[in-house]
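Encoded as structure tokens, the structure appears first; notes follow it.
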Amino acid sequence: MSLPLPIVGLLLPWATSALLALVVRPYRAPVGWVSVGLGLVSLGSAGVLWAAALGADTAFAGRNDLFRVDALSALVAMCVAIVAELAMCLGPGLSAATPDDARAGGRFRLHGSLFVLAMLVAVTINNVALMWVAIEATTITSALLIPLHRSKASVEASWKYILIGSVGIALAFAGTVLAYFDFVTLLGRRADALNWSLLMHVAPSLHPDVLRLAFVFLVVGYGTKAGLAPMHTWLPDAHSEAPAALSAMMSGVLLAVAQYAVLRWKAVVDLAAGPAFSTQVLLVLGLTSVAVGALSLVPQRNYKRLLAYSSVEHSGLICLGLAFGPAGVFASLLHMLNHALAKSTSFLMAGRILHRYKSAEVDGVSGLLRTMPATGALFAAGVLALMGLPPFGLFVSEFLLFRAGFVSGHVWTTAAALLLAGIGFVALASHLPRMLYGNAPASVAAGEPDRWMLAPIAACAVAMVALGLFLPGVVGSLIGRIVESLGS
Amino acid sequence: MPLVFSQVAVLGSSGVLLCGIILLWRRGVPAYISAFAWQSIVLAALTAAVGYFCDDPQLYWVAGLLFAIKGLAIPRLLRKVARRFERVVEPPPYVNTATSLVVSGLLILLAYAAARPLQAIADAPTRGGMPLAMGLLFVSLFIIVSRRKAITQVIGFLMLENAIALLAVLGTYGVPLIVELGVFLDALMGFLVMQIFLYEIHDTFSTLDAGALNRLKH
């Protein structure tokens, strides 16, 4: 056995699901159901990895150390598996109420599964350059899905996404090459020079100046994928034009995967060059993103774009947290999990709303609680969570994040971020009541089709609240272990 | 021997960079495609030369792949796209030729400044070429942001990839083969997807002017 079973269980279902969608043509609904079932297998495997990561530094490693799962991998893999399962349940090709043409269903199951597979490979592989290959593959697979229903806007959005995303990620590869150059020059050629496990080990003996230069390239590169301003320009377009199930995955977890790469590299660079440099870089990028995200929310009238800009804001907060010392990293990782749940809920519900009201404008939607009570309530829950209100988990993680900022001495930056988050709060709060209450337009039929679809979302909402009421031991100790292993 | 090696490295890197700058003053997509094809061929030759001097047979494979994929296959596909859209009038770039050349000169100076820590620790005979590779990286980024036509932006992106490949071969004599293969696969897939979008943009917007892609604002 060259690979431990849980890693196979995490990855193989998605490869199988993609293969099935490729072979069974034209697309039929059972393919979709099988992909949902396979997603559950993957989710279960992520749970096994999580449990194992609680007890050991390296939960699982494949032969030749090709794959390696530690606590950080387990956390992000779990986020990906949850959101992917939600997206597969609500994505094109299953609902009787939204009979997408068979072509769209088949394409979504094929490219969507490959997209998830690429994200999961990225977080479980040990080699930094192969992780780069996997993250680049996420760009390719998801760009093909954005114009699922072709229109000028969606073609434009996917062009911006693939061009800016590819250029950004190419810069991250330049950073990887520079780090490898540093390794080879100082320590000689080794086949495993690009493995995380080894890089963390030898980092203190690498040359700090070269690693600083490499880090700039890496942060700009992966930051582009993470939606950090000023490289975020593709994000609002791609996230608002993509089909809802893809937006949920891109916004909920693709950003987290990119942040994962930044965090891994930050740990290496900090060991070599001290934390001062990476802290400065992350503070600037994080605060810029929070500012751009929050201020762009104010004039925005399109609810999918509102959610997209909120992703820029939250991505900026996560980035800030990474610069706030160990307590900040803890808060950031908790925030990542909470954001994945809340943002995917909001985007998936926004997709249902868009389908019913045929309008992506806030002004075009009213009386949501009357026409679609369950969808409306869950959408409200998602947006309220994104605003950072209790009792949702994002309130706790934002609170921890800002506290870490004040405690670590970044008083002005934290105060500015807090003010900006307040502006974002008001902007979102001003739109939500208009959508929920009032009278629905006469053309919009009432009723809630496919109620079963909302069950997984409701479970997700329960999890969001649970994370806000108390911090479950399994979550807290896993994140604690990550912070410890990064040595930050 | 090291002297010849370092001269070959600098000469080859200069050739690769020069092909990138040619794009800035030639007009017309066919000329851009030729510049890219020649750049890839020079890069492949340089990679093979490094393989010869370092006695590393793996680099011959990389050079062969570079030549086949980026020197022959991708330029051929690009020419096919260009022929299909022959009657599309080339929109003027955002920055005129004279300014472009001045900017690229400044970018190469910047690259020399940025590459100082690299040269400080490198002892390989190829280190003289590393600032040139960084220079090409910056120039390619400039091409992408200053050109309006989507196909030219794709060529700029391909040159950016060449710059990184050059940096890798000069600094580290090539990344491990499994990584190299992954990168080639991604580069090829990425290009093919971009090519699909070139057709999609043309079909939906009736132009390849990326400046026309401005429906989505705010």
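Could you check region A:177-197 and list, in sequence order, the residues that are crowded, with 18+ Cβ neighbours inside 10 Å and either touching a Pro at 6+ places or on another chain (Cβ under 6 Å) or more than 9 Å from chain B (Cβ to nearest Cβ) (or both)? Working first, answer last.
Restricting attention to region A:177-197, the residues satisfying the condition of being crowded, with 18+ Cβ neighbours inside 10 Å are A:177-185, A:193-196.
The answer is A:Ala179, A:Asn195, A:Trp196.
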Notebook entry, point to check: Which one of B:Val169, B:Val154 is within 9 Å of chain A (Cβ to nearest Cβ), of a type in the set (Val, Ile, Thr), surrounded by 23 or more Cβ atoms within 10 Å (Cβ to Cβ) and part of a helix (DSSP H, G or I)?
Noted result: B:Val154
Check: Within region A:205-218, is there a residue that is touching a residue at least 40 places away in the same chain (Cβ under 8 Å), surrounded by 24 or more Cβ atoms within 10 Å (Cβ to Cβ) and either among the β-branched types (Val, Ile, Thr) or part of a loop (DSSP other than H, G, I, E, B) (or both)?
Finding: no
Note to self: Of all residues being within 7 Å of another protein chain (Cβ to nearest Cβ) and more than 21 Å from B:Phe142 (Cα to Cα) in region A:157-176, which is surrounded by the fewest Cβ atoms within 10 Å (Cβ to Cβ)? Just the residue, please.
What the structure shows: A:Ala157
Item checked: Sole exception among (1) within 14 Å of chain B (Cβ to nearest Cβ); (2) under 14 Å from the mean Cα position of the chain (by Cα) for A:Leu75, by number -> (1)
Next item on the list: Give me a count of the residues in region A:79-138 that are among the hydroxyl-bearing types (Ser, Thr, Tyr), touching a Ser or Thr at 6+ places or on another chain (Cβ under 9 Å) and over 24 Å from A:His201 (Cα atoms).
Entry: 1
Next item on the list: Restrict the check to region A:106-128 and report whether at least one residue is farther than 20 Å from A:Ser35 by Cβ, facing chain B (nearest Cβ under 10 Å) and assigned to a helix (DSSP H, G or I).
Entry: yes
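Can you confirm whether region B:194-214 contains a residue that is closer than 27 Å to A:Tyr180 by Cβ and either at the interface with chain A (Cβ under 10 Å from one of its Cβ atoms) or more than 20 Å from the chain's Cα centre (by Cα) (or both)?
Taking region B:194-214 as the starting set, the residues that turn out to be closer than 27 Å to A:Tyr180 by Cβ are B:194.
Next cut, either at the interface with chain A (Cβ under 10 Å from one of its Cβ atoms) or more than 20 Å from the chain's Cα centre (by Cα) (or both) only: B:194.
The answer is yes, given that some residue of region B:194-214 is closer than 27 Å to A:Tyr180 by Cβ and either at the interface with chain A (Cβ under 10 Å from one of its Cβ atoms) or more than 20 Å from the chain's Cα centre (by Cα) (or both).
Can you tell which of A:Ser408, A:Ser359 is surrounded by fewer than 20 Cβ atoms within 10 Å (Cβ to Cβ), more than 23 Å from A:Ala294 (Cβ to Cβ) and among the polar types (S, T, N, Q)?
Numbers: A:Ser408 fails: more than 23 Å from A:Ala294 (Cβ to Cβ).
Going through A:Ser408, A:Ser359 in turn, just one is surrounded by fewer than 20 Cβ atoms within 10 Å (Cβ to Cβ), more than 23 Å from A:Ala294 (Cβ to Cβ) and among the polar types (S, T, N, Q): A:Ser359.
Output the residues belonging to region A:372-395 that are outside any helix (DSSP H, G or I) and over 20 Å from A:Ala331 (Cα atoms).
Filtering region A:372-395 for residues outside any helix (DSSP H, G or I) gives A:372, A:387-392.
Across region A:372-395, the qualifying residue is only A:Met372.
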Margin query: at pLDDT below 90, under 30 Å from A:Ala267 (Cα atoms) and not polar (S, T, N, Q): which single residue out of A:Gly409, A:Gly473 fits that description?
Written below: A:Gly473
Checklist line | Scan of region A:34-88 for residues that are among the acidic types (Asp, Glu) and not in a helix (DSSP H, G or I), ordered by number | finding: A:Asp57, A:Asp70
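The values are calculated or read from the model by the stated rules, or taken from the named source; none is laboratory data. This one's a predicted model, so the numbers in the text were calculated from it and none came from an experiment. When we count neighbours, we look across all protein chains shown, and the Cβ atoms used for this are built from the backbone with ideal geometry, even at glycine.
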